[in-house]
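Structure first, then comments.
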Amino acid sequence: MTKSLNALVRRFTGALRDLAPIIIVIAFFQIAVLQQPFPNLAGVAVGLVCVVAGLALFIQGLELGLFPLGEAIAHAFVKKGSAVALLAFAFCLGFGTTVAEPALIAVGAEAAEVASEAGAIAATDEARQRYAFELRMVVACSVGLAIVLGVLRILKGWPLHRLIIGGYVLVTVMTLFAPEEIIGVAYDSGGVTTSTITVPLVTALGVGLASSIKGRNPMLDGFGLIAFASLTPMIFVLAYGMVA
């Protein structure tokens with residue numbers, strides 16, 4: 001009990017230390033530059049405490065639950081020996097954690113609103129909802145395929161740098177031909193897909209796979225799946241814009 005309490009206290013201290021730079025920056029500009037008091041200081045203080053507590057508990061939860069779960073799943077799939085089941089799980093993991101990502105929902109809704117105002121789609125709620133939904137589906141499918149590609153890379157031992165460089169070359173070429181209205185959305189979609197659940201689970205899955213497969217190095221082969229999850233949405237959304 002004492003050991004767990006000490007670990008939790010260390011988490012809270014670490015979370016406060018991690019947040020200290022942004023707290024100092026905000027306080028400095030509010031007091032020294034803007035020279036204004038904090039609006040609703042009590043609310044800000046309570047919110048800060050909640051953020052520190054949430055961050056500490058989140059990190060503790062990752063170490064206690066999500067990281068071991070991801071590695072256990074990877075070991076179980078390797079033991080089962082079914083590559084098809086592993087790849088199916090990889091796709092479902094990427095798709096399922098992305099399709100409900102709040103940041104992606106917000107970006108999709110905003111993109112639909114802007115597209116409607118620009119005349120790219122009809123100025124109706126139905127058209128905007130359909131556009132936002134299709135955009136979310138495209139991104140979610142792309143992340144699912146990205147995790148599949150990352151798992152295949154670990155299984156086959158493909159070099160990571162060649163795939164990443166090739167992917168960004170493809171993004172650059174597609175940018176030249178894609179409609180200007182979709183380019184910014186495509187590039188942003190690569191940043192909003194890696195959620196707080198996707199990252200630890202996918203990372204743990206990659207490390208677990210690399211640890212379970214003979215001849216694979218967890219440090220060299222276990223990481224890199226998140227890079228695919230950030231890259232492939234750009235390719236798919238650019239293609240979606242060129243087609244739609």
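The values are calculated or read from the model by the stated rules, or taken from the named source; none is laboratory data. For clarity, every value in this text was computed on a predicted model and none was experimentally measured. When we count neighbours, we look across all protein chains shown, and the Cβ atoms used for this are built from the backbone with ideal geometry, even at glycine. All accessible areas refer to the heavy atoms of the entire protein, side chains included, with ligands and DNA or RNA removed. Shrake-Rupley method; radii C 1.70, N 1.55, O 1.52, S 1.80 Å.
Only Cα pairs under 8 Å and at least 6 apart count here; give the relative contact order of the range 1-116 as a rounded whole percent.
Normalised by residue count, the contact order of the range 1-116 is 26 percent.
Averaged per residue, what accessible surface does the range 1-124 expose to a 1.4 Å probe, in Å²?
Spelled out: the 1.4 Å probe surface of the range 1-124, per residue, equals 65 Å².
Give the carbon-plus-sulfur fraction of the accessible surface of the range 119-225 in %, rounded to a whole number; probe 1.4 Å, heavy atoms of protein chains only.
Percent of accessible area from carbon and sulfur atoms in the range 119-225: 64.
Could I get the Rg over Rh figure for the range 54-107? Both from C-alpha atoms, Rh via Kirkwood, rounded to two places.
My calculation puts Rg/Rh at 1.09.
May I ask you to work out the translational diffusion coefficient for the range 105-173 at 37 °C, viscosity 0.692 mPa s, via Stokes-Einstein with Rh from the Kirkwood sum over Cα pairs, reported in whole µm²/s?
In µm²/s, the coefficient is 231.
Quick one: the Cα spread of the range 20-176 along its three principal axes, in angstroms, biggest first?
The Cα atoms of the range 20-176 stretch 62, 49, 31 Å along the principal axes, largest first.
Between Phe38 and Lys80, with labels modelled 7 Å along Cα→Cβ, what's the label distance in nm to one decimal, could you check?
A separation of 4.9 nm, rounded to one decimal place.
Taking all protein chains in place and a 1.4 Å probe, what share, in percent, of the accessible surface of the range 3-90 do carbon and sulfur account for?
Reported share for carbon and sulfur atoms: 75 percent.
So how much accessible area does Leu163 have, in Å² to the nearest 10, using a 1.4 Å probe?
About 60 Å², ignoring ligands and nucleic acids.
Counting only the heavy atoms of the protein chains, how much of Asp221 is accessible to a 1.4 Å probe, in Å² to the nearest 10?
Taking all protein chains as shown, Asp221 has close to 30 Å².
Would you mind computing the Rg to Rh ratio of the range 14-82 from its alpha-carbon coordinates, Kirkwood style for Rh?
Result for the range 14-82 is an Rg/Rh of 1.32.
Only Lys, Arg, Asp and Glu count, each charged at its Cβ (+1, +1, -1, -1), so figure out the dipole size of the range 43-194 about its Cα centre, rounded to 20 debye.
920 debye
How do Met242, Met174 stack up against each other in accessible area, from largest to smallest, with a 1.4 angstrom probe?
The ordering from most to least exposed comes out as Met242, Met174.
Quick one: what Rg and Dmax do you get for the range 150-244 from the alpha carbons, in Å?
Cα radius of gyration and Dmax of the range 150-244 are 14.9, 47 Å respectively.
Picking from Ala122, Ala227, Ala132, whose Cα lies most toward the positive end of the charge dipole for the range 97-244 (charges on Cβ: Lys, Arg +1; Asp, Glu -1)?
Ala227
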